[in-house]
Structures are given as C-alpha cells and as structure tokens.
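Each reported figure results from applying straightforward, stated rules to the coordinates on display, with no laboratory input. Everything numeric in this text was worked out from a predicted model, so none of it was measured. Because the Cβ atoms are built from the backbone with ideal geometry, glycine has one as well, and the counts that use them run over all protein chains shown.
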Amino acid sequence: MTGRNPQDAFSSQLGHRYKDVVLQGSARAHLGDAFYFDHYNSPLAGSQNPPASQFHNKYFVVPRHPSAVFTGREEILEQLRINCLPSKDPVSQRQPRIFVIHGLGGSGKTQVCLKFMQDHREKFWGVFWVDASSTENLERGFAQIATVCALEPDVDVVKRYLSNSTESWMLVLDSADNYLLNISSYLPVGNRGTVLITTRNPKCEIHATAGTYRLGKMTENEAVTLILRSTGVNNLADKSIRKNAKQVVSTLGSLALAIVQAGAVIREGLCKMEEYCTIYSRRRRELLSQKAVQDTGDYRHTVYTT
Ligand SMILES: Nc1ncnc2c1ncn2[C@@H]1O[C@H](COP(=O)(O)OP(=O)(O)OP(=O)(O)O)[C@@H](O)[C@H]1O
Ligand SMILES: [Mg+2]
C-alpha cells in the first residue's frame, strides 16, 4: 500500500481545480476583451440612467472596471489627481498633459489607470482607452473611438477630433511596451486633453509633459490587505490572520500580480494561507506558471512568464 504524500494530494488537487479556475478565467478574459461603451446619450441606455444634463461625462470607452478588490496605490492616484485632471484655466495650457507610468509587468499600471478613470469619470467629457501594444491594436482602438463618436474610422480623424475639442478628454495608451513602435504619432495635440501612457519601457518617459511615475511593488500593508481581500477574508484587521498573510507577502515580494495569484490559489482551497510559504518553496514554478488565476481574469501573463 502506498501512503499518499500531502504534496501529491496537493498536486493532484491543483491539477483538477486549476482546470476550473483557468476555464472561468479565460471565459472572463474573453468577455474582458469587449469594450465597455457607456455614454449617457446612447440609444441603448436603460431608462434608469439619469439624463445627460446631470453629468459632464459623455463618452466612457474603457475595456473594463478596475479589480473588485482594488487596493491602495494612493501615492500614484494622488499624483494623477494633481497632474492629470482638467485645468480650470485651459487657455493657459498649451499642450495635452502627458503622464507616463512605467514599471514591471504585473505591477498594476493598468489597474491604476482603470481606477483613476472610474473615480474621475465625471470630470471629463470623454474618457477613452486604447491598447498600445501593437500597431494593429492601436488602429483598432482608435477605430472603436471613431465608432462611438460617429467619426470616420481613421487614426488621424480621431486625433484631429480630440485635438480640436473644446471639451476635456482623457486618453489612455495602455501597454506601450514596444520600443520599435513610435507612440508619438498617436498623440493628439490641443489644450484640453490628458494622455496617460502605461509601459514597461522607462524610455517612454521622453513623451511626458505632466509627470512620470515608476510603479513598484506594493507596500507590505497594501499587499497584506490585497491578499486577504483576494482570498475573501472579511476581517481584514485580525492580527493573527494578517501575520500569516505577511509571511506570504514577504515570500512573494509584493508584486500585485503575484499577490492576487496566491490569493486565488488560497481562495480556491488549493492550500491554506499558513501552508502557502512551505508549498511555494517546493513548488514555486508550478504555482507561478498557472495561467489566468486572477480575480478579474483579464491579465495576459502569469508571474512566471513576466
Ligand atoms: N492595486 C491593485 N489592487 C488589486 N489588484 C491589483 C492591483 N494592481 C494589480 N492588481 C492585480 O494584478 C494584475 C496585474 O495588474 P496590471 O494588469 O495592472 O499590471 P500591469 O503593470 O499593467 O502589467 P503589464 O505590464 O503586463 O501590462 C491585475 O489583473 C489585478 O488582478
Ligand atoms: Mg498593463
């Protein structure tokens, strides 16, 4: 008779349960690809939507909401509030505010932009999002803006429209990582706009007119709160729960993506918080290479590939 090693049991459970998690994740990822066109004048708007006159925001073209467990990042959010909200005196502004956020894959750049857009939506007439990872995606993104704004689907037409707008707008160029791609040809001009660029490439700072920020790891406190929220813990203040979580966080190193992945493993019952560090030290590669174990299912990489 062969006794079952707890590690084997974990491994087999991991294999089965991951299939479910990955399937759910990819289904969500698929939905996540669909852009969220939401403007109050839409003929599709439900009868419960308030009339457009109550709001400043007309266009809100973003791919998704921030994570339901979005946590922390107060410093960068404050920098964006200071540097990227519409000016009270746009005449004194000569060019769009361009703010560059750079940092490692999985550090949370995209999430910060989604959160900022959600929080400040009403301060902008237009809020637009374009995936800047390739020429094809850029053109697709500008074509989507053109569709929503009833324009000809052409990058230059959209740029001209924003450049000449007398209303405030914000455009996110997300994942401008490809250093061979000249992002400057996608930047509208004019004095009413804010452009947020996210990138893994620090050299993109060259485009900034309103500031730059290197997004690093989360603080220990943020990471502990995030892992607890990702695992579905309600009592975030419990000292012994936080102590266990702190060990996991210091083992993982506080990269946001790693934290939510660990949280998903624990939430799915594949191991307990207090077991995570031991299992991680033996099975790091296996744990980190699991695909799409995310709270939102919208992320393309695992920590291992990152
Ligand atoms: N502040 C946060 N609160 C909660 N979850 C977060 C936070 N930041 C990041 N995450 C989680 O980490 C994942 C990766 O974050 P995000 O996509 O923002 O990274 P990124 O820096 O844009 O990476 P890349 O360079 O690959 O585009 C998200 O899908 C989300 O689950
Ligand atoms: Mg990103």
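Some observations on this one:
- Computed label-point distance, nm, for sites Ala237 and Glu78 using a 7 Å Cα→Cβ extension: 2.3
- Length gained on full extension, Val157 to Ser87: 22.7 nm, using 0.36 nm per residue less the C-alpha separation.
- Taking amide H positions as modeled 1.01 Å from N, with prolines and chain starts lacking one, the residues under 5 Å from Met170 and 5 or more places away or on another chain are Gly126, Val127, Phe128, Thr194.
- Across the stretch 77-86, coupling constants 3J(HN,Hα) worked out from phi with the 6.51/-1.76/1.60 Karplus curve, θ = phi - 60°, read 5, 5, 4, 5, 4, 5, 9, 10, 7, x Hz, and Gly and Pro carry x.
- When each of Lys115/Lys217; Lys58/Lys109; Lys88/Lys203 is checked by Cα-Cα distance, pairs over 28 Å: Lys88/Lys203
- Per-peptide packing, taken as the mean over residues of other Cβ atoms within 10 Å, places 251-258, 104-111 in the sequence 104-111, 251-258 from highest down.
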